[in-house]
Amino acid sequence: MTTNVFLPGLLRSLSRAELITKMRETTTGSRDRWPLSSVIILATTLVFIAFLVKLISKTKKRRSGRGGSGDGYKLPPGSTGWPLVGDTFAWFGAVASSHPPRFVEQQAKRYGKIFSCSLLGKQAVVSVDPAFNRFVMQNEGKLFQSSYPKSFRDLVGKNGVITAQGEQQRKLHGIASNMMRLEKLKCHFLEDIQLVMLRSICDFPDNQVIVLQDVCRKVAINLMVNQLLGMTGELDIDNMARHFSDFVDGCLSLPINLPGFAYHTAMKARNNIVSKINETIAKIRRLQGSAEVGNGVLGRLLGEESLPDEAIADFIINLIFAGNETTAKTMLFAIYFLTKCPRALKELREEQEGLRGHNAAEAEMLTWQDYKAMPFTQCVIDETLRLGGIAIWLMREAKVDVAYQDYVIPKGCFVVPFLSAVHLDEDLYPGALDFNPWRWLNPDNQEKRNWRNSPFYAPFGGGARFCPGAELARLQIALFLHYFVTNYRWTQLKEDRMTFFPSARLVNGFQVRLNRRSQL
């Protein structure tokens with residue numbers, strides 16, 4: 001507010017002629033009194049002031065409906081925040097907390113469920129309105145397109161399903177969805193997932209202390225590398241896990257490609273991942289038709305689809321990134337919430353041990369019928385995704401001027417459906433901050449629970465960018481819960497809390513002591 005009043009007044013107090021006169025005095029006759037450094041400082045200051053005035057003037061025009069792409073428009077109500085940085089600090093301060101929607105909830109109470117603010121130096125329209133969020137997702141590629149920071153785009157690649165636009169995005173999304181159809185989950189994934197679980201989490205000795213966040217990360221990368229690339233070697237998996245950890249850390253970093261910066265380390269990690277994918281492609285082509293090729297998605301991709309070589313690595317990296325983040329963090333958060341809710345843990349364990357009763361032979365794996373007989377487990381997964389969903393908001397950009405209700409959102413404006421704020425809305429979910437998996441057994445919540453189409457519950461996004469691996473992720477999480485809760489009891493050793501920036505995690509990694517349970 002102070003800047004809005006002070007800067008225009010300052011410039012009004014000096015006419016253009018006076019400014020020119022003072023600049024001439026400064027650069028000619030007054031050199032003895034004004035050293036060159038002072039001249040540079042004065043010139044820079046005036047340019048900066050002019051820039052600020054232009055920015056403020058432009059913002060005012062937008063607020064009053066006089067700016068934009070030719071025609072007048074009216075943005076949703078809101079504030080511009082601080083000069084230049086806008087609301088960015090308040091936004092990311094909330095996201096880094098245990099309650100990411102805090103900032104948007106405050107703004108929504110003041111301005112309404114659709115409001116405007118300034119993020120990263122750009123005008124943004126933010127929504128906690130389920131109907132508008134669905135409108136944005138359903139109009140992907142028509143009225144809106146995805147928008148990501150440069151570091152993210154560089155790392156995941158232009159040929160991936162996350163960042164591709166238009167026809168290329170539709171083609172890649174179709175290929176990914178085809179690779180992960182339900183019948184392929186039964187044939188290609190169910191047994192492989194359980195083998196990974198048996199190898200990764202079932203052999204901890206009694207009284208072992210682990211950091212569960214690290215364990216879940218390794219399990220998830222093991223799953224994705226196994227299922228996408230067909231890798232099973234411990235050394236290969238450990239290397240990919242290390243590279244992907246560096247990769248993820250750079251996705252929201254400053255795009256400075258110099259040693260010592262996270263972006264530089266992440267780009268090196270990406271190059272190593274691409275090299276490994278290319279090696280695997282070459283091996284598959286050498287062994288084409290051989291049983292050694294295995295059932296990895298990459299092998300089927302090369303055999304069933306027609307993608308140029310330069311697009312294949314980006315495609316696989318996108319799937320590993322999306323699958324690894326969703327699966328690892330949801331497994332972690334599920335155990336975190338269950339630890340705080342012993343009643344839910346008891347009911348989940350009883351359900352899973354009942355399945356083990358159907359499979360009398362200890363070594364016998366769960367069947368697809370077993371997976372479909374986990375109603376309470378599915379409630380736990382749904383509630384974990386509601387409270388601790390990884391996709392807490394979507395970043396979109398208006399492709400054209402978009403009319404919605406009484407507003408017109410100008411072309412180029414950020415549009416941010418804040419999904420987590422809907423998931424934590426007390427009006428939709430009474431006791432919204434409580435972990436309550438039984439809420440999903442309530443008939444009144446069945447419409448909300450349809451995570452493929454519900455505007456009230458969208459943990460996997462929606463529209464043309466609905467996560468193609470959603471069903472696979474749920475299968476992985478359910479099987480992880482089965483093997484973890486039937487093999488162990490655990491004691492939490494250190495207090496912890498969630499944060500969602502730069503990525504979803506528990507700040508202390510959730511350190512626990514494991515005790516093996518007697519086999520039933």
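Just to be sure before I move on: is L332 modelled with pLDDT of 95 or more, in the same structural domain as T384 (by TED's automatic domain parsing) and among the aliphatic types (A, V, I, L, M) in the structure I sent? Considered against the rule, which asks whether it is modelled with pLDDT of 95 or more, in the same structural domain as T384 (by TED's automatic domain parsing) and among the aliphatic types (A, V, I, L, M), L332 comes out as yes.
D314: without any contact (Cβ under 8 Å) to a residue 24 or more places away in the chain, in contact with a helix residue (DSSP H, G or I) (Cβ under 9 Å, 6 or more places away or on another chain) and either assigned by TED's automatic domain parsing to the domain that holds S200 or farther than 14 Å from V156 by Cα (or both), yes or no? Spelling it out, it is not the case that D314 is without any contact (Cβ under 8 Å) to a residue 24 or more places away in the chain, in contact with a helix residue (DSSP H, G or I) (Cβ under 9 Å, 6 or more places away or on another chain) and either assigned by TED's automatic domain parsing to the domain that holds S200 or farther than 14 Å from V156 by Cα (or both).
Does segment 200-208 include one or more residues that are assigned to a helix (DSSP H, G or I) and not charged (D, E, K, R)? Scanning segment 200-208, I find at least one residue that is assigned to a helix (DSSP H, G or I) and not charged (D, E, K, R), so the answer is yes. Consider A269 carefully, then state whether it is of a type in the set (G, A, S), modelled with pLDDT of 85 or more, surrounded by 16 or more Cβ atoms within 10 Å (Cβ to Cβ) and assigned by TED's automatic domain parsing to the domain that holds K372. Answer is yes for this residue. Being within 18 Å of I392 (Cβ to Cβ) and either at pLDDT 95 or above or not assigned by TED's automatic domain parsing to the domain that holds W368 (or both) is a property that does not hold for A473. Within segment 350-396, restricting attention to residues that are outside any helix (DSSP H, G or I) and charged (D, E, K, R), the residue that is modelled with the lowest pLDDT is E362. Scanning segment 201-242 for residues that are polar (S, T, N, Q) and under 25 Å from the mean Cα position of the chain (by Cα) gives Q213, N222, N226, Q227, N239.
Checked across segment 438-445, the condition of being under 17 Å from M137 (Cβ atoms), of a type in the set (A, V, I, L, M, F, W, C) and part of a helix (DSSP H, G or I) holds for no residue. If you filter segment 410-445 down to residues that are without any contact (Cβ under 8 Å) to a residue 60 or more places away in the chain and crowded, with 21+ Cβ neighbours inside 10 Å, you find that the one that is farthest from D87 (Cα to Cα) is Y429.
Please go through segment 120-144 and pick out each residue that is outside any helix (DSSP H, G or I) and crowded, with 21+ Cβ neighbours inside 10 Å.
Those that are outside any helix (DSSP H, G or I) and crowded, with 21+ Cβ neighbours inside 10 Å: Q123, A124, V125, V126, S127, V128, D129, E140, F144.
For segment 419-434, the count of residues that are of a type in the set (F, W, Y) and either touching a strand residue (DSSP E or B) at 6+ places or on another chain (Cβ under 7 Å) or in a helix (DSSP H, G or I) (or both) is zero. Do we find a residue being touching a helix residue (DSSP H, G or I) at 6+ places or on another chain (Cβ under 8 Å), within 21 Å of V219 (Cα to Cα) and part of a helix (DSSP H, G or I) anywhere in segment 485-493? Yes, some residue in segment 485-493 is touching a helix residue (DSSP H, G or I) at 6+ places or on another chain (Cβ under 8 Å), within 21 Å of V219 (Cα to Cα) and part of a helix (DSSP H, G or I). Residues of segment 237-266 that are surrounded by fewer than 16 Cβ atoms within 10 Å (Cβ to Cβ) and within 21 Å of T327 (Cα to Cα): D238, R242. For segment 450-501, residues that are farther than 30 Å from Q169 by Cα and either within 15 Å of the chain's Cα centre (by Cα) or small (G, A, S) (or both) total 2.
One residue stands out among those in segment 155-183 that are of a type in the set (V, I, T) and assigned to a helix (DSSP H, G or I): the one that is surrounded by the fewest Cβ atoms within 10 Å (Cβ to Cβ), which is I175. Of all residues in segment 502-520, those being part of a loop (DSSP other than H, G, I, E, B), under 26 Å from the mean Cα position of the chain (by Cα) and not hydrophobic (A, V, I, L, M, F, W, C) number 4.
None of W440, W490 is in contact with a strand residue (DSSP E or B) (Cβ under 7 Å, 6 or more places away or on another chain), assigned by TED's automatic domain parsing to the domain that holds G354 and not hydroxyl-bearing (S, T, Y) except W490. Quick one: is K448 out of contact with any helix residue (DSSP H, G or I) (no Cβ under 7 Å at 6 or more places or on another chain) and under 28 Å from D249 (Cβ atoms)? No. Return yes or no: is K150 under 20 Å from the mean Cα position of the chain (by Cα) and not polar (S, T, N, Q)? Considered against the rule, which asks whether it is under 20 Å from the mean Cα position of the chain (by Cα) and not polar (S, T, N, Q), K150 comes out as yes.
Of the residues screened, L75 is one that is outside the structural domain of A432 (by TED's automatic domain parsing), over 21 Å from A391 (Cα atoms), at pLDDT 80 or above and assigned to a loop (DSSP other than H, G, I, E, B).
The values are calculated or read from the model by the stated rules, or taken from the named source; none is laboratory data. Bear in mind that the values here come from a model prediction, so they are computed numbers and not experimental data. Neighbour counts run over all protein chains shown; Cβ positions are idealised from the backbone, glycine included.
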